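For reference, the structure discussed in these notes is given below.
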Amino acid sequence: MGSKRERQRFFATVAGAAITIFTGGLGAGFSAALAGVTFTKVALATAASYALNALNPQQKQAGNASGGYGVGVNAVLPNAPRQVIYGRPRVGGAVFYQNVLPDNVTLYQCIAFADHEITSYDEIYLNEEKIDPNTIDTGIIPNYNTAFLLISPDGTSRNIFGATSYQERLGTLDQSFASMPSNTQWTEEHKAAGVAYLTVRHYYDANRKDFPNGVPAISALISGKKVYDPRTGETAFTDSSDIEIGRNPALILRDYLIYSGIATTAEIDEDAFSTAANICDENVTLSGGSTEKRYRCDGAYLTQENPQDIIKSIIATMGGMIWYSNGKWSCKA
């Protein structure tokens, strides 16, 4: 199993705490599924946990858009703000549950990426290494994707022999329970409805030491929130040669205004947003002869951010502007 010091560094646990659950301050999106559930042993993050504190990201100054959770660490916070994902960015997430089993070598984590339904997890990263999707095995642990080969940024690869496995939940309201074998504290009552998250199982092998610097930070390239397109009447995330509903800045801006409560549907100038969406969807020919959309938007934000900064970030991706006149929100690309 390795020395006690090695295990503590790997698991980054609070001494004596078998279960760590972070629900306070997460808002309805992250905590609703856990509300009212009683656990036999619960420990919130404390100042005594040097390892957990080391994982906490530096907070941005108020008023500055953060771009969501960074990919270098997984925030382990009792008051972590929720994250909203648009387009196809690579983002980190917040740990809202973790448990070291009595064997002292198995760690379960639940890492929340969004408080809404996402479209898909396109790539999964352990630190800066990408899991090779061609080497995933689902037979070792029921319903888990077990990673065997990791690809580094320089293209080299290494085998981790199933040290990390994961289950995907897209954040639907009716999503199924993500089981944790041998973990009696996480039951079928815990579905985290409406939360897009990964259930991750790490197995520590002192002989191999697959991650000698500790638990790897989990991040993902995610196709995010489905948005409404007034041109087609469709709510979707599409990526085609004709239209890109999920990555279109005008449609994302429209969705943000409504989703954040800034505007109602009746206050949206649909003609103006449709015109802007058409401009964003124009194909531009590149020097090599291929084409790409004129404007795309890929990013994330935390719900604590200043709405003005979020809006500025979105309209900047289409070189656009936004205004409110005669009871309607309008925009231009």
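Here are some notes:
- Against the test of being touching a strand residue (DSSP E or B) at 6+ places or on another chain (Cβ under 6 Å), of a type outside the set (Phe, Trp, Tyr) and modelled with pLDDT under 95, the options THR291, THR303 yield a single qualifying residue, THR291.
- Among the residues of segment 106-128, the ones that are modelled with pLDDT of 95 or more and outside any strand (DSSP E or B) come to 4 in all.
- Taking segment 226-236 as the range and being closer than 22 Å to ALA114 by Cβ, touching a helix residue (DSSP H, G or I) at 6+ places or on another chain (Cβ under 7 Å) and either β-branched (Val, Ile, Thr) or open to solvent by 10 Å² or more (accessible area, probe 1.4 Å) (or both) as the test, the residues that pass are VAL227, TYR228.
- Whichever residue in segment 138-173 is among the hydroxyl-bearing types (Ser, Thr, Tyr) and part of a strand (DSSP E or B) and, among such residues, is nearest to VAL195 (Cα to Cα): TYR166
- Residue list for segment 310-333, restricted to those being open to solvent by 50 Å² or more (accessible area, probe 1.4 Å) and more than 21 Å from ASP281 (Cα to Cα): TRP323, TYR324, SER325, ASN326, LYS328
- Only a single criterion out of (1) open to solvent by less than 10 Å² (accessible area, probe 1.4 Å); (2) outside any loop (DSSP other than H, G, I, E, B) is not satisfied by ALA178, namely (2).
- Restricting attention to segment 248-277 and to residues that are among the hydrophobic types (A, V, I, L, M, F, W, C) and part of a loop (DSSP other than H, G, I, E, B), the residue that is surrounded by the fewest Cβ atoms within 10 Å (Cβ to Cβ) turns out to be ILE262.
- Checking each residue of segment 199-217 against the condition of being touching a His at 6+ places or on another chain (Cβ under 7 Å), outside any helix (DSSP H, G or I) and buried (at least 17 other Cβ atoms within 10 Å of the Cβ) gives at least one match.
- When residues in segment 278-302 are screened for being open to solvent by less than 60 Å² (accessible area, probe 1.4 Å), assigned to a loop (DSSP other than H, G, I, E, B) and under 27 Å from ALA220 (Cβ atoms), 2 of them pass.
- Of all residues in segment 129-168, those satisfying the criterion of being modelled with pLDDT of 95 or more, open to solvent by 20 Å² or more (accessible area, probe 1.4 Å) and aliphatic (A, V, I, L, M) are LEU149, ILE151.
The values are calculated or read from the model by the stated rules, or taken from the named source; none is laboratory data. Note that the structure is predicted; figures quoted are calculated from it, not measured. Here the Cβ is made from the backbone with ideal geometry for all residues, glycine too, and neighbour counts use every protein chain on show. The protein model used for the area step is the full one, side chains on, heavy atoms only, and it has no ligands, DNA or RNA in it. Shrake-Rupley method; radii C 1.70, N 1.55, O 1.52, S 1.80 Å.
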